[in-house]
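A quick write-up on the structure given underneath.
The values are calculated or read from the model by the stated rules, or taken from the named source; none is laboratory data. Predicted model, so just to flag it, every value in this text is computed and none were measured. Every residue, glycine as well, gets a Cβ built from its backbone with ideal geometry; the counts of neighbours run over all protein chains shown. Please note that ligands, DNA and RNA were not included when accessible areas were found on the heavy atoms of the full protein model with its side chains. Shrake-Rupley method; radii C 1.70, N 1.55, O 1.52, S 1.80 Å.
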Amino acid sequence: MSTIREALERREDAALAPQAARSPKSRGRLRPEAEDDLRPAFQRDRDRIIHCKAFRRLKHKTQVFFAPAGDHYRTRLTHTLEVAQIARSIAKVLALNEDLTEAIALGHDLGHTPFGHHGERVLNTLMPGGFEHYDQSLRIVDRLERDGEGLNLTWETRDGIATHSKGKRGAPVGPTVAARASTLEGQVTRVADLIAYVNHDIDDAVRAGILRPESLPEEPLRVLGRTHSERIGRMVRDVVEQSEAVGLDALAMSDAVLGAMLDLRAFLFASVYENEVSTAEFRKAAGILGGLWEKVRERPGEFLEPRTVESEGIDAAARDFLAGMTDRYAVALYEHLFIPKPWVALAGRWS
């Protein structure tokens, strides 16, 4: 008698496009383990990510604006959820594996630092050999979660997490075969990440008063649309249509829509991510993380994971500790270690 998982796998096989990833054909996990009776492999990956500690910490990590006072600014968690929603929408229409797509999307930013990309730049200067958040995301799922056991995800989910990042100038589609995800589902997450942040960061920047709607560049808006919803719809539709036009050999976009998307990203870098306000915030993040980096390395027994110190050295352990912090924990620990407390009892005697 077949299990529920096997029934779901048969349904999956019948519904998916030939180019889609299929759970029974996964390349496997880092460590072999028995299959679940209920859930196919990629569903298990998704569930493990949702229930891990690093995922929960994303709610208190900066997306763009550090410790925003308003309730409606994005955090790294809400960004992740928006990426997952856009990615699943694309995957559904293209008949790709939605479970794998969602797992990659939910796990793609687990390794992000406190203070957003400012924090990532600081750790990149502090850590010998540099720092990349996608490498740290993979390290979290492979080694750090579950008290050092890792989540033991499938090869396909890990591959998508490792290849999602585009940097400041990289394109979301069309990279060389060596640089892009091996699955179409991983390629979907790569483009959904940019679709999400290039739109919601405009929304947040306008809310913060850093941008005015009329200051947005005219040509990208003419191509993509003038509202958040219009732009996302235009980009998603273009990805679907262009990918179908090339027979799902790879994810694709038209030159016009891709160019407009990249122009909008360049505008955001100049006007939001690297403007004078952001530069000042970067100096604050550098001061906090730089101070913590020195202090925790001076007192490893108090702060750092002994197994990592012993097996990989104190720098690797300090990197894991700082990268895993939420914004508010980093600030609180900095205050605890560096800011003198008022001596209330003494002050009372002399008043």
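Just a few scattered comments:
- Pick from segment 310-335, criterion over 24 Å from the mean Cα position of the chain (by Cα) and within 22 Å of residue 128 (Cβ to Cβ), ranking: most open to solvent (accessible area, probe 1.4 Å): 310
- Residue 231 open to solvent by 40 Å² or more (accessible area, probe 1.4 Å), within 23 Å of residue 74 (Cα to Cα), over 17 Å from the mean Cα position of the chain (by Cα) and touching a residue at least 24 places away in the same chain (Cβ under 8 Å): no
- Within the set 139, 143, the sole residue that is basic (Lys, Arg), without any contact (Cβ under 8 Å) to a residue 60 or more places away in the chain and not in a loop (DSSP other than H, G, I, E, B) turns out to be 143.
- Residue tally, condition open to solvent by less than 50 Å² (accessible area, probe 1.4 Å), under 16 Å from residue 191 (Cα atoms) and not β-branched (Val, Ile, Thr), over segment 252-272: 10
- Among the numbered conditions (1) without any contact (Cβ under 8 Å) to a residue 12 or more places away in the chain; (2) hydrophobic (A, V, I, L, M, F, W, C); (3) surrounded by 17 or more Cβ atoms within 10 Å (Cβ to Cβ), the only one that residue 151 does not meet is (1).
- Residue 174 vs. criteria surrounded by 21 or more Cβ atoms within 10 Å (Cβ to Cβ), over 17 Å from residue 47 (Cβ atoms) and not aliphatic (A, V, I, L, M): no
- Residue within segment 162-183 that is under 16 Å from the mean Cα position of the chain (by Cα), in a helix (DSSP H, G or I) and within 21 Å of residue 136 (Cβ to Cβ) present: yes
- For segment 32-61, the set of residues classified as open to solvent by less than 40 Å² (accessible area, probe 1.4 Å), within 14 Å of the chain's Cα centre (by Cα) and basic (Lys, Arg) consists of 61 only.
- Filtered by the rule that a residue be over 12 Å from residue 198 (Cβ atoms) and either polar (S, T, N, Q) or in a helix (DSSP H, G or I) (or both), segment 222-233 gives 222, 223, 227, 229, 230, 233.
- Enumeration of residues in segment 2-31 that are closer than 24 Å to residue 243 by Cβ, acidic (Asp, Glu) and open to solvent by less than 60 Å² (accessible area, probe 1.4 Å): 12
- Given (1) free of Cβ contacts under 8 Å to residues at least 60 places away in the same chain; (2) in a helix (DSSP H, G or I); (3) crowded, with 20+ Cβ neighbours inside 10 Å, index of the condition residue 109 fails: (2)
- Residues that are open to solvent by 60 Å² or more (accessible area, probe 1.4 Å), of a type outside the set (Val, Ile, Thr) and modelled with pLDDT of 95 or more, drawn from segment 62-97: 81, 85, 88, 92
- Condition check for residue 120: in a helix (DSSP H, G or I), closer than 20 Å to residue 196 by Cα and out of contact with any Lys or Arg (no Cβ under 6 Å at 6 or more places or on another chain): yes
- Pairs linking a residue in segment 31-57 that is farther than 17 Å from residue 110 by Cβ and at pLDDT 95 or above to a residue that is open to solvent by 80 Å² or more (accessible area, probe 1.4 Å) and charged (D, E, K, R), with Cβ atoms under 9 Å and 6 or more positions apart or on different chains, are 31/149; 41/35.
- Selection status of residue 351, over 21 Å from the mean Cα position of the chain (by Cα), open to solvent by 40 Å² or more (accessible area, probe 1.4 Å), modelled with pLDDT under 95 and polar (S, T, N, Q): yes
- Checked against (1) of a type in the set (A, V, I, L, M, F, W, C); (2) open to solvent by 60 Å² or more (accessible area, probe 1.4 Å); (3) touching a residue at least 60 places away in the same chain (Cβ under 8 Å), residue 245 meets all criteria but (3).
- Residue 209 being farther than 25 Å from residue 256 by Cα, small (Gly, Ala, Ser) and open to solvent by 40 Å² or more (accessible area, probe 1.4 Å): yes
Conditions (1) touching a Ser or Thr at 6+ places or on another chain (Cβ under 9 Å); (2) modelled with pLDDT of 95 or more, marked per residue:
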site: 166; (1), (2): no, no
site: 169; (1), (2): no, no
site: 184; (1), (2): yes, yes
site: 202; (1), (2): no, no
site: 222; (1), (2): no, yes
